[in-house]
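The values are calculated or read from the model by the stated rules, or taken from the named source; none is laboratory data. Treat the numbers as computed from the prediction; the structure is a model and nothing was measured. Note that we place each Cβ from the backbone using ideal geometry, even for glycine, and neighbour counts take in every protein chain shown. Surface areas here come from the heavy atoms of the whole protein model, side chains and all, with no ligands, DNA or RNA. Shrake-Rupley method; radii C 1.70, N 1.55, O 1.52, S 1.80 Å.
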Amino acid sequence: MPNIKPVSDLRNYAKVLRDITVGEPVFLTKNGRGRYAIVDIDEYEKTKAVIKLMSELSKGEQSGKEKGWTNIADVEKMLGIFND
């Protein structure tokens, strides 16, 4: 169940911060509407890494569509991997 609190609860921020765990952010509302999310730093870093990875994979896919794909044997040669 999501942890939702009014932004006014930040007056007692220590209690709000205690409620934050990895994978379970605290959502803050302002005037009854979702406004902010407070997340554990590990969760934040993981999310940033996933976004960066997905962006790079998307670039690679676009490049493959535009310039053609490289077969696995050629990739192994470029990387110096030899399967005999």
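Summary table below
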read-out	value
Contacts under 8 angstrom Cβ, first residue in the stretch 43-55 being touching a residue at least 12 places away in the same chain (Cβ under 8 Å) and within 24 Å of residue 20 (Cα to Cα), partner open to solvent by 70 Å² or more (accessible area, probe 1.4 Å) and among the hydrophobic types (A, V, I, L, M, F, W, C), 6 or more apart	43/22
Residue in the stretch 1-59 that is modelled with the lowest pLDDT, counting only those that are closer than 30 Å to residue 69 by Cα and β-branched (Val, Ile, Thr)	47
